[in-house]
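Following: one structure in C-alpha cells, then a few remarks.
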Amino acid sequence: MDKSKRFFLKGAGALLAGMSAYQATRASEHSSPASQRKYALLHDENRCIGCDACTQACREVNQVPEGVSRLEIVRTGPHGEYPNQTYHFERQSCQHCENAPCVNVCPTGAAYKDPQTGIIKVDEWKCVGCLYCIAACPYKVRFIHPVTRAADKCDFCEQTRLSKGELPACVTSCPTQALVFGDLLDTQSGVYQLVRTQPVSRDKESLGTSPKLFKIRAAKGEVIL
Amino acid sequence: MSRLPLLVALVSLLSWLPVQAKESSSAAMSEIHKSPCMKCHKRNGTMQGIHGNSDLTVSCVDCHGEKQGHPRKASDLVVFNAATPAETQVKPCIECHDPQALGTLEWTHNVHSNKVSCSQCHQLHPTEDPMVSVTQADRAAMCQQCHQSKQD
Amino acid sequence: MNPFHFDGLVWHWPIAIYLFLAGMSAGAIFFAILLRYFCLGQDAWKSNFVRAACLIAPLAIWAGLGILVIDLTKPFDFWKILVFYNPLSVMSLGVMVLMVFQVFMFAWLALLFARPLTRLTASRMPFIGKFLAWLKPHEASITGLTMILSLSLGAYTGFLLSALPGYPLLNNPVLPVLFLMSGLSSGAAGALLLGVLMKGRPDSKEVKFIHKIEIPLILIELLVIFTFFAGLVLSGGAKLEAAGNALGQGFWGWIFWGGIIGLGLSLPLAMNLFMTASAQRRFSYVAFTASMSLLGVLLLRNFILYTGQMTML
C-alpha cells in the first residue's frame, strides 16, 4: 500500500470518527431519543368521586388565584332515581395536544411545546396577552393569570413538582387513584399500559389535536334526549 | 360550596321561627327536655341543636322510635351509630327532609342517599351541626375517610 | 342571553372595530389605486375623493393598531409581536403583512403626491425630490404590490377568525372572502363620505366610477353572505346550530336582517341603483348611502365576532 493511500484512509477514518462524535454530542445537546419524554395523563371517570381534592391541590401547589383555575372537575347529573343516583365527573384541564391550536396561533411563540417532555408551556415574558390562544383552544382551558397578565394553564406541575421528581399535585392528592401520570414513550409506565389495554378516549379527536389527556369514560350512563 | 347551602337550608327551614336567635340558651328549657326520656338520658340526651327548638315540636321518639321494652327488654329504638343499618337511620330524617331538596342543595346527598347514614356526617344534638362550618379542604378530606383506594 | 356577555366569549368589540378599520384601510387604498389608474390619471392627487381615501388608509390602520395594542392584557409588551414571529400563526403573518403594507402604502402615496411634494420641498429639503425621483421608475411594481398587500390585509381580517378550530361559525373558508369584500366596500364608502365632506362634488366622475364598482361589489357581498350561511346550514351538526343561533333569534338576528342585510346592503344597493339610473347625485344622497354602508360593515364585523363565539364545538 503506498503512502498516500494510507494517509488518505487514516484521514478519512479520523474524519468519520470526528463526525460521528460531533453528531453524538449534537444529538445529546438537542433531543436525544434517550432523554425525550412524552408525558400523558389518564383520568378514570369510574374511580373519580368528585371530591375536588385535585382542584384544591392544584390551586395550592401552583398558586392559582381565585376566579381562575387550571383544573376543574365538571359534574353532570344526577342520573337515575332516588336512592340510586349517580354523577359523571369529567376532568377539564390542558390536554397537552401533540398538535396544539394554541401553539399554532400564538404570534410570538409564547405558547410552545417543550420538545423534551411534550408539555405545552407558556413563556410568560413573551406573552403579550392577545387572547388568540384562549380563543383557539377547543378545550377552553386557558385563561389570563390575574397577576402575570399572561396566558396560563396546567403544565402537569412541570415547574412546581416534576422538576423535583414528584408527580403532579392532582395525581398525588387523588384518594381513589383515578389519575395516572406517566411517559407514553416508556412502555413500562402505568399510563402506557392502561392506554394500551383499556378503552380510553380523548376529547374532540376529530379536530386532529391529538390530546394527551386520556379518559376512561364512566360505565354508568344515561341517555338525555 | 358545602357550607352555604346547608346554612341556607337550615335558616330557610327556621325562618318562620321568632326565637331562633336565642335557641341555644333556651335549649335546656325547651319542650323536648320535658320528655320522660330525659329522666335517664340527662347527660347524653340533651338536645342543643336546632331540632330541639320547641316550635318544631320534635320529640325524642320522632327520630329514635317508640320506647317499647326499653331499657329492660328488646326494642326497635334507632341508635344513630355505625351498628345500625344506614337505611334505618335515614328513614326518620327523610320524613321531614325531602331527598330531592337535599340533593339540589348538596349533590353528595344524592349519591349517598340511603346507603350512608346522615349521622356519618351530621350531628343534631350539639349546638351546631359540624357540617355547617365545614371548609372546602375539610370536605375533600371527609370524602377520603371512606373513599380511599390503595395503588394496586 | 346577554348579546355582549356570554360563556366562551374571548374577544370583545374592540377587535371588531380593529377588523373594521383594517378592512377600511385596505379598501381605501384599493379604491385610491383604481381611481388613479382607471379614472383620473396623473392629476388624481387633486381629487378630494382620492385625498379622502389617502387620509383614511393610514389613519384607519393606525387607529386600528392602537385599539389592538390597548386591548392586549400587556399593552406595553406589544413590541414583542414585532420582534418574535411564528410563521404558523395567522396573527403573526398578519403583523408582517401590516408592516410591509404600510411601507408600500406610503411609497405609493409618496408617488401619487410626487409633484406637489417635490415642489413644496424643492428649496428646503431637495433630498425628498431626489428620493421621489428614485422611486418613480418602480411605480408599477410599487402599485402592484400595494394592491396585492391591500387585498391580503382585507382577507387577513377574515383569516384571523377562521383559524379558530373551536368555533364552527368562524372556522369557515368563506369568511376571508366575505371580510375582504365588505372591507373593500367600506373603503369605497369611507372615501365617498369623507370626499363629499371635504367638498368633493357629489356628481363628479369619481363618484360615478366608485358607484359603478360598488353595485357589483354589494351583489357579490350578498352572494358571499348567502354562501357563508348556506355552507353552515348544509354542513349540519354544530355548524347548523351555529347558523341558527346567529340568524334565527334575538338581538343578533335583528342586527343581521335589519342592520346588515337591510340598512347595510339592500338600502345602499337601492340608493346606488337609483343614483345611477336617475343621474341624481346630491350631497345628502351620497353621504347617507356611504354612512349606511359603513354602518353595515361595522355591524357585520361585530355580528360575526360575537355570534361566532356564541356556538362552540
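The values are calculated or read from the model by the stated rules, or taken from the named source; none is laboratory data. The structure displayed is predicted, hence computed values, not measured ones. In this analysis, Cβ positions are derived from the backbone assuming ideal geometry, glycine residues included, and neighbour counts consider all displayed protein chains.
A few notes on this one:
- All conditions but one from (1) part of a helix (DSSP H, G or I); (2) crowded, with 17+ Cβ neighbours inside 10 Å apply to C:ARG281; the one that does not is (1).
- Any hit, the stretch B:95-114, residues being in contact with a Pro (Cβ under 8 Å, 6 or more places away or on another chain) and small (Gly, Ala, Ser): yes
- Any hit, the stretch C:59-74, residues being among the aliphatic types (A, V, I, L, M), more than 14 Å from every other protein chain (Cβ to nearest Cβ) and out of contact with any Leu (no Cβ under 6 Å at 6 or more places or on another chain): yes
- Failed condition for B:LYS150, given (1) surrounded by 15 or more Cβ atoms within 10 Å (Cβ to Cβ); (2) charged (D, E, K, R); (3) at pLDDT below 90: (1)
- Subset of the stretch B:92-116 [of a type outside the set (A, V, I, L, M), farther than 13 Å from A:TYR82 by Cβ and within 11 Å of chain A (Cβ to nearest Cβ)]: B:THR108
- Some residue of the stretch A:170-187 being under 18 Å from A:ASP155 (Cα atoms), small (Gly, Ala, Ser) and either in contact with a strand residue (DSSP E or B) (Cβ under 7 Å, 6 or more places away or on another chain) or in a helix (DSSP H, G or I) (or both): yes
- Subset of the stretch C:108-130 (residues that are small (Gly, Ala, Ser) and under 20 Å from C:LYS46 (Cβ atoms)): C:ALA110, C:ALA114, C:ALA122, C:GLY129
- Candidate set from the stretch A:210-219 (those that are surrounded by 14 or more Cβ atoms within 10 Å (Cβ to Cβ) and under 23 Å from A:CYS51 (Cα atoms)); member that is farthest from the chain's Cα centre (by Cα): A:ALA218
- Filter result for the condition that a residue is over 26 Å from A:PRO78 (Cβ atoms) and under 13 Å from the mean Cα position of the chain (by Cα), over A:LEU207, A:LEU167, A:LEU194: A:LEU167
- Residue list for the stretch C:138-156, restricted to those being surrounded by fewer than 20 Cβ atoms within 10 Å (Cβ to Cβ) and closer than 23 Å to C:LEU219 by Cβ: C:MET147, C:LEU151
- Strands (runs of 3 or more DSSP E) within the stretch A:37-147 that include 3 or more residues within 14 Å of chain C (Cβ to nearest Cβ): A:111-113
- Test: C:PHE159 is away from every other protein chain (no Cβ under 14 Å), touching a helix residue (DSSP H, G or I) at 6+ places or on another chain (Cβ under 7 Å) and buried (at least 17 other Cβ atoms within 10 Å of the Cβ): no
- Residue selected from the stretch A:50-72 under the condition aliphatic (A, V, I, L, M) and touching a Ser or Thr at 6+ places or on another chain (Cβ under 6 Å), by the criterion surrounded by the fewest Cβ atoms within 10 Å (Cβ to Cβ): A:VAL61
- Flag for A:GLU158 being in contact with a Gly (Cβ under 8 Å, 6 or more places away or on another chain), closer than 14 Å to A:ALA40 by Cβ and either facing chain C (nearest Cβ under 9 Å) or part of a loop (DSSP other than H, G, I, E, B) (or both): no
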